Amino acid sequence: MKLFFSLLTAFTLSACGGTSVPDWQIDAQTATQRYTRYFLAGQVQRAEASFTQARKAVAATGNINAVSHIELVRCGLQTATLYFSPCTGYNQLAALASDPADAAYARFISGDWQGLNRALLPPQYAAFAAATAPNPVETQRLIRAINDPISRLIATGLSFRRGMVDDATLQAAIDTASAQGWRRPLLTYLKLQQQRTIDPATRAAIQARIELVEESLQAPAKNITTAP
């Protein structure tokens, strides 16, 4: 989690030249953390409300780089849950944004790695992004080497998008989401695992896990969305 927020923290702390931190930075970081927690828990309405709060906090400064960065946080989380929609919020601002690191990250999570300056990516992705050969075993090893669980799921999502996910990588994603209690990615990856499983007994066991996770959802969280 800490590594996932490293760019946001670095941005907010460097945006102010003084020693005190402006309220908008505190509000933005707090709301972004809430958004992430609710998103991963499958609480869609709460997640969207928190994201709106975070975006409004940074938009109040008129700082395009800050707003585009918040949009990238959302796109990264969507990638972690295999929801590959266009990063519209960032793309609308990309022509006006001036942060090369954010531009590199946007290309990274979009799957556009041709000519990508990997040195600009967050350090947890360095080895993963440098691996270009379609080797699922090596990909799985590199993903497991990523300590931050959100970043690990983002890397898994990118690998799935590139057709480089084997059963072991999929199981690792399930284990990661399960250990954190993140319903949304857990349901997404469990359902994908079930689709790829032929053995009836194994499919039944996976279905039992899916039902347990779904039962854990309280009423406000029942609008959970998983990847199609």
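The values are calculated or read from the model by the stated rules, or taken from the named source; none is laboratory data. If you're wondering where the values come from, they're calculated on a predicted model, not measured in any experiment. Virtual Cβ from ideal backbone geometry, glycine too; neighbours counted across all protein chains shown.
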Subject >> Some residue of the range 70-80 being within 19 Å of residue 189 (Cα to Cα), within 18 Å of the chain's Cα centre (by Cα), assigned to a loop (DSSP other than H, G, I, E, B) and of a type outside the set (Phe, Trp, Tyr) >> reply: no
Subject >> Qualifying residue in the range 115-126 (condition: among the charged types (D, E, K, R), surrounded by fewer than 19 Cβ atoms within 10 Å (Cβ to Cβ) and under 25 Å from residue 90 (Cα atoms)) >> reply: yes
Subject >> Residue, farthest from residue 154 (Cα to Cα), within the range 182-219, restricted to residues that are outside any helix (DSSP H, G or I) and of a type in the set (S, T, N, Q) >> reply: 218
Subject >> Any hit, the range 99-107, residues being at positive phi and in a loop (DSSP other than H, G, I, E, B) >> reply: no
Subject >> Residue within the range 159-170 that is at pLDDT below 90, exposed (fewer than 15 other Cβ atoms within 10 Å of the Cβ), over 14 Å from the mean Cα position of the chain (by Cα) and part of a helix (DSSP H, G or I) present >> reply: no
Original post:
In the set 56, 2, which member is among the charged types (D, E, K, R) and modelled with pLDDT under 90?
Top reply: 2
Original post:
Restricting to the range 99-126, what's the tally of residues that are modelled with pLDDT under 90 and among the polar types (S, T, N, Q)?
Top reply: 1
Original post:
If you take the residues in the range 127-152 that are loosely packed, with under 13 Cβ neighbours inside 10 Å and of a type in the set (Gly, Ala, Ser), which one is modelled with the highest pLDDT?
Top reply: 145
Original post:
residue 179: closer than 27 Å to residue 38 by Cα, over 14 Å from the mean Cα position of the chain (by Cα) and not in a helix (DSSP H, G or I), yes or no?
Top reply: no
Original post:
Taking the range 47-65 on its own, how many of its residues are within 24 Å of residue 107 (Cα to Cα), among the hydrophobic types (A, V, I, L, M, F, W, C) and surrounded by fewer than 24 Cβ atoms within 10 Å (Cβ to Cβ)?
Top reply: 3
